[in-house]
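Here, each number is a calculation from the coordinates, and none is a lab measurement. All values derive from a computational prediction rather than experimental measurement. Note that we place each Cβ from the backbone using ideal geometry, even for glycine, and neighbour counts take in every protein chain shown.
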Amino acid sequence: MMQSTNFSLFPSEELYSFTKKSLILIDEKKSTIPAVVPFLSNAQTRLEDFKSALDREAKNPLVKIRSFKAINQIDAFKAFRKQVESGATRKKEGVPQAANVLIELIRKYGWALHQLGQKARYTQLEGLITELKTKYSAEVALIGATELVDELEQAQAEFLEADTNVVRSENNSSDPTVSDTRQPLIETTRQLFQIISLQEVAAPSASVTALIASLNELITTSLATVKASDTRTENAKKATDDKQVLPPPPPAAN
């Protein structure tokens, strides 16, 4: 059985790499699984479109600004989430209860929403911030996170401005953008995976079984790599932050 793939977890470059490797595996088996050929051809075309858009985007200086703002947006979310987690262990009356309410709210929008693609992350954060400001301001204040929510809201606004600038610059060109080409690539790849899954039921064969095993291994390792990269980035930033708050060394003894 083909395992499900959460494509939204892949940043653009990783999505391209994962899809390319998937199509190579499928291309190697297409002679023994002819039903996949038209779907494979469609996905290969979408992959070429996506790669062209990636190459164009890499040359746009506004994209670098958006990437910087995205990092700030993610860091602001993590800082707020960390404060909420810390509040759950406090002994002060009412603080753990308020923190637990906020923990459930974060889970509603995605505990790891920072791993989502840019559009999905922005949308989920927008919902989270709106509820924090309109429904849970008392809980936020009680755990001492009002300033962090304000910083998150500011980071969200700055990301939107940077993203809007990128979109405007892309609109001056008739060429498809990464945003235009990402979803079609995901949909055609998902359809291709579905056809392969159906083949396992309708026309099982050693080739289909082997292909599914290879694709499942690729899905597992690719998602693990993305998550590991995110963890390494988070740990590195934490180590840097820890160094910044280290107390000065004690004076030398006379």
>> Test of the criteria: in region 1-99, which GluC sites (Glu not before Pro) are in a DSSP loop and have at most 14 other Cβ atoms within 10 angstrom of their Cβ?
In response: Glu93
> How would you rank Leu125, Leu160, going from fewest to most other Cβ atoms within 10 Å of each one's own Cβ?
Replying inline: Leu160, Leu125
> Which of Thr19, Thr164, Thr188 moves the most in a Gaussian network model of the chain with Cα springs under 10 Å?
Replying inline: Thr164
>> Going Cα to Cα from Lys51, which lysines come in below 18 Å? Please leave out same-chain ones fewer than 8 positions away.
In response: Lys20, Lys21, Lys59, Lys64
>> Taking the alpha-carbon distance from Lys91 and a cut-off under 29 Å, which lysines remain once sequence neighbours fewer than 8 residues away in the same chain are dropped?
In response: Lys78, Lys82, Lys108, Lys133, Lys135, Lys237, Lys238, Lys243
>> Need the list of aspartates and glutamates near Lys119 for cross-linking: C-alpha distance under 15 angstrom, and skip anything on the same chain fewer than eight residues off.
In response: Glu158, Glu161, Asp163, Asp180
> Would you list Leu23, Leu102, Leu62 from fewest to most Cβ contacts within 10 Å?
Replying inline: Leu62, Leu23, Leu102
> Using alpha-carbon pairs under 8 Å, 6+ residues apart, how would you state the relative contact order of the chain in percent?
Replying inline: 35 percent
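Just need the relative contact order of region 47-192 here, percent rounded to a whole number, with Cα pairs under 8 Å and 6+ apart.
Working: 114 pairs, mean separation 56.4, N = 146.
That works out to 39 percent.
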> Which residue fluctuates the most in the chain, going by a Gaussian network model with Cα springs under 10 Å, if the choices are Ser174, Ser52, Ser214?
Replying inline: Ser174
>> Give me the three principal axis extents of the chain from the C-alpha atoms, as integers in angstrom, largest value leading.
In response: 77, 53, 44
> Could you give P(r) for region 61-171, binned at 10 Å from zero, as whole percent values over all Cα-Cα pairs?
Replying inline: 15, 45, 26, 10, 3, 0
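Which order results if Ile74, Ile33 are arranged by neighbouring Cβ count within 10 Å, fewest first?
Values: Ile74 21, Ile33 18.
Fewest-to-most ranking of Ile74, Ile33: Ile33, Ile74.
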